[in-house]
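Enquirer: Here it is, the structure in full.
The values are calculated or read from the model by the stated rules, or taken from the named source; none is laboratory data. Please read all numbers here as calculations on a predicted model, not as lab measurements. Cβ atoms come from the backbone with ideal geometry, glycine included; neighbour counts cover every protein chain shown. With ligands, DNA and RNA removed, areas are computed over all heavy atoms of the protein, side chains included. Shrake-Rupley method; radii C 1.70, N 1.55, O 1.52, S 1.80 Å.
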Amino acid sequence: MDVNLDKDILFFHEDGLDYGAYLLDPMASIALEKSGIVPVRKEQWDSEDLEECSFWTLVGLPTQFATLSHDRPSLKSHVTVRVMHLPERPGDLLPTKHSRLFARVDFESVAEWERQFDIGGMSGGPVFGTRLPPQGSAYDYRLIGIQSAWDNRENVAMCAAQPFFRALAQMIRGRRDNQRGE
């Protein structure tokens, strides 16, 4: 797979934003969907009912649960942990230019790790919200944010998904319009 850093990747590296987005070409999107990988649809991140999805979970790949190797494939295990919304910024997380959401990690929600584990490596992981209580096997969910920082204790900061993806969609449209005009 050929990757052109200037054409295929959008970087966001500003105070409070530290993200990258890879632009998939149509054939890659089709191949992913045929493999059973489906995108989070606009209805899941651009909804006006986010407050109703108050049961939050962070999904990520902590370095603690990975076997990293330079000469063979690395093995990684994902973790899904409950995080509880905090109305105010915890003191150990510095203020930033761009507003963020904050949450406390509920380490006891991970059955095998009732005590605290190291969430290092989970940055960039999605934070999903579901309605309480969960509705059986089919969850009504929303993408709340993208985890971006933590205070080495139990608190995390995240970029709110809705304004970030709206800005990202606008950048993608602008880039595609420029490419069509060339």
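Enquirer: Let me spell it out: the conditions are (1) over 16 Å from the mean Cα position of the chain (by Cα); (2) touching a residue at least 24 places away in the same chain (Cβ under 8 Å), and Pro62 meets all of them except one. Which number is the exception?
Expert: Exception for Pro62: condition (1).
Enquirer: Looking at His85, His78, can you tell me which residue is under 23 Å from Arg142 (Cβ atoms), open to solvent by 70 Å² or more (accessible area, probe 1.4 Å) and modelled with pLDDT of 90 or more?
Expert: Numbers: His78 fails: modelled with pLDDT of 90 or more.
Testing whether each residue is under 23 Å from Arg142 (Cβ atoms), open to solvent by 70 Å² or more (accessible area, probe 1.4 Å) and modelled with pLDDT of 90 or more leaves just His85.
Enquirer: Going by the structure shown, is Asp140 under 27 Å from Phe65 (Cα atoms), of a type in the set (D, E, K, R), modelled with pLDDT under 90 and within 18 Å of the chain's Cα centre (by Cα)?
Expert: For Asp140, the condition - under 27 Å from Phe65 (Cα atoms), of a type in the set (D, E, K, R), modelled with pLDDT under 90 and within 18 Å of the chain's Cα centre (by Cα) - is not met.
Enquirer: Please verify whether Pro73 is touching a residue at least 24 places away in the same chain (Cβ under 8 Å), farther than 23 Å from Gln170 by Cα and over 19 Å from the mean Cα position of the chain (by Cα), treating the condition exactly as stated. Can you show your working first?
Expert: Working: touching a residue at least 24 places away in the same chain (Cβ under 8 Å): no; farther than 23 Å from Gln170 by Cα: yes; over 19 Å from the mean Cα position of the chain (by Cα): yes.
When the stated conditions are applied, Pro73 does not pass them.
Enquirer: If a residue has to be in a helix (DSSP H, G or I) and either open to solvent by 70 Å² or more (accessible area, probe 1.4 Å) or among the β-branched types (Val, Ile, Thr) (or both) to count, how many in the stretch 138-180 make the cut?
Expert: Here the count works out to 11.
Enquirer: In the stretch 8-26, how many are at pLDDT 75 or above and exposed (fewer than 12 other Cβ atoms within 10 Å of the Cβ)?
Expert: Total satisfying the criteria: 4.
Enquirer: Please work out which residue is farthest from Ser123 (Cα to Cα), limiting yourself to the stretch 27-70 and to residues that are among the β-branched types (Val, Ile, Thr) and open to solvent by 70 Å² or more (accessible area, probe 1.4 Å).
Expert: The residue in question is Ile30.
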